[in-house]
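> I'd like to ask some things about the structure below.
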Amino acid sequence: MTRLSNATLDRLPPDVARPGYERGALATGIVHLGIGAFHRAQEAVFTEAALAAGDLSWGILGASLRSPDTRDALAPQDGLYTVAVRGPAGEDLQVIGAVREVLVGAEDPAALVTAMTDPRVRIVSLTVTEKGYCHDPATGRLNEAHPDIVHDLADPQRPRSAPGYLIEALRRRRAAGTPPFTVLCCDNLPRNGTTVAGIVRDLAAMHDGDLARFVAGDVAFPCTMVDRIVPATTDADRAAIAQRLGVEDAWPIVTEPYNYWAIEDRFPAGRPDWPGVAFVADIAPYEAMKLRLLNASHSVMAYLGYLAGHETIADTIADPPFRHLVEGLMDHEVTPTLKLPPGTDVAAYKRALIERFANPALKHRTWQIAMDGSQKLPQRLLGTVRDRRAAGAPIDRLALGVAGWMRYVTGTDERGQAIDVRDPLAARLRTIAGNAGLNAARLAPMLLEVREVFGDDLAADPRFRAAVTDALSRVIARGARGAVAATA
Ligand code: CS2
């Protein structure tokens, strides 16, 4: 089958949206580190709308820090790819033209640094996942012992880590008298811009104090809240999309209609006039609402749903005890901790979340969301636990979610089958689980000693320890579904 490309754009059926602007006239204004499915379904879609509105200076150069897959798929397609939006009304297809080029950091780090020093590049945005910042998730500080950071300190001109790329490019821009770009973190981290600013400043300080002062004083790191559910694309999705396009797209995206982006408006070097983006003064209430309601529910469903034999989030939320658990978690344990964004109808947001989780057209695997739990639990569940603990309020459902993670990272499911646990700490977690055995009174306290996740405070908190141990013993004794039914 012929491939999607500039040359085949005009063969697409009329109901497929496509770039109406002159792609050849695009300049690169944004370098994006971590060009996975999420970026291509979110920032790139908002940017496509800005390009369509006429400002062609914001084309995107995407980079994968490691894998060549996205570059290999998109290069023969001139960077074009399809976004399939699946909702109750069916499926809409849009071909996105915003991505001009994709580089692979691991193949040629110097080329990527050079691209980031181009004066026309005014934003470097990132979706490198939680673990890509090489930080300690409990404290948000740079992990100086991280192997990629150790490497980048020894060989800064050929970086491996996202902070390493930012530092080297900022250093070179400064030396050349080029104003710095704005760093736009789009990962699900708490106070993501501020957190990344601290990580980058800490790394700069290990090189030289002047550079650290420049990062702290002259580089903007606005915080963002990003919200769109984007499951991994499957071969069946690819086949169905090719069928509708009449040409092959090796790298399409499947997502939901919902797409939200809130950003603190601090862009000294300028920014696209992104249609539909909420520019806000303080991201904190937006981010807490989203991380603590959406992402927390996702993670709780991921661990417990996987253990209960549910393949997808839609399957999990369709199982009544799980739905009750998620509703109870959101209403009784999370909502009381939130300071809401101005004008927000939180009940409507929660109702919409349940519908979004239930979208049967999205095959969002519990296994996919379960990945990297050690990096996700702090901002999704543990911040809420701290607030509830300070208020002396119950944490049964939150503790059950943590217990689900503990049972999951043992690496063996309820039928004795191996679980493919993907996590930067997987080996250590499995060793702990092996030493403890499937015994809540041993396993829970040993996992609570993983301070990068639980911090010193929660590791030592008797109420939290008791609640998690209790929940884990129920998960072990009754199975995840039984424990959910008993708690919901
Ligand atoms: C998910 C998120 O994979 C995960 O951990 O919880 O990617 C989630 O789908 C997005 O944050 C939704 O905005």
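The values are calculated or read from the model by the stated rules, or taken from the named source; none is laboratory data. This one's a predicted model, so the numbers in the text were calculated from it and none came from an experiment. For neighbour counting, all protein chains shown are included, and Cβ atoms are generated from backbone atoms with ideal geometry for every residue, glycine included. Surface accessibility is based on the protein's heavy atoms, side chains included, excluding ligands, DNA and RNA. Shrake-Rupley method; radii C 1.70, N 1.55, O 1.52, S 1.80 Å.
> With every protein chain left in place, what is the accessible area per residue of the chain in square angstrom, probe 1.4 Å? Write down the numbers at each step before the final one.
Values: 18350 Å² over 488 residues.
Value returned for the chain: 38 Å² of accessible area per residue.
> Quick check: pseudo-label points 7 Å beyond the Cα along Cα→Cβ at ALA216 and THR412, how many nm apart are they?
5.1 nm
> Which percent, nearest 5, of DSSP beta bridges in the chain are antiparallel?
Numbers: 14 of 40 bridges.
Looking only at bridges with both residues in the chain, the antiparallel portion is about 35 percent.
> Right, something else. So if we plug the beta-carbon distance of LEU56 and ARG141 into 1/(1 + (r/R0)^6) with R0 = 35 Å, what FRET efficiency do we get, rounded to 0.05?
Numbers: r = 40 Å, r/R0 = 1.14.
Once rounded, the FRET efficiency stands at 0.30.
> Same structure, new question: Below 8 Å, C-alpha to C-alpha, sequence gap of six or more: please give me the relative contact order for the range 284-487 in percent.
Values: 268 pairs, mean separation 56.4, N = 204.
The normalised contact order for the range 284-487 reaches 28 percent.
> Is the shape of the range 284-487 rounded, prolate or oblate, going by the alpha carbon gyration tensor and its root eigenvalues a ≥ b ≥ c, with a/c under 1.5 for rounded and a/b larger than b/c for prolate?
Oblate, because a/c is 1.5 or more while a/b does not exceed b/c.
> Taking 0.36 nm per intervening residue step and subtracting the Cα-Cα distance, what contour gain separates VAL346 from ASP10 on full extension?
On the way: separation 336, 0.36 × 336 = 120.96 nm, distance 4.37 nm.
That pair, VAL346 and ASP10, stretches by 116.6 nm at full extension.
> Oh, and also: Straight-line reach from LYS363: which lysines have a Cα under 19 Å away, not including same-chain ones fewer than 8 places off?
Filter leaves no residues.
> Here's something else I'd like to know. Please give the calculated 222 nm ellipticity per residue for the chain, where each DSSP H segment of at least 4 residues contributes -39500 (n - 2.57) and the sum is spread over every residue; nearest 500 deg cm²/dmol? Write down the numbers at each step before the final one.
On the way: 22 runs with 221 residues, N = 488.
After summing the helix terms and dividing by residue count, I get -13500 deg cm²/dmol.
> Kirkwood Rh and Cα-based Rg: tell me the resulting Rg over Rh for the chain, rounded to two decimals. Each step should come with its number before you reach the end.
Details: Rg = 22.5 Å, Rh = 23.3 Å.
Result: Rg/Rh = 0.96.
> Next question, about the same structure. Roughly how many percent of the accessible protein surface of the chain is carbon and sulfur, given a 1.4 Å probe and a whole-percent answer? List each step's numbers first, then the result.
Values: 9320 of 18350 Å².
The computed percentage sits at 51.
> Nearest 0.05, what FRET efficiency do ASP457 and LEU153 give at R0 = 25 Å with Cβ-Cβ as r?
On the way: r = 30 Å, r/R0 = 1.21.
Efficiency at R0 = 25 Å is approximately 0.25.
> Right, here's the next one. Which whole-angstrom value gives the distance between the alpha carbon centres of the range 368-397 and the range 441-469?
Between the Cα centres of the range 368-397 and the range 441-469 lies a distance of 12 Å.
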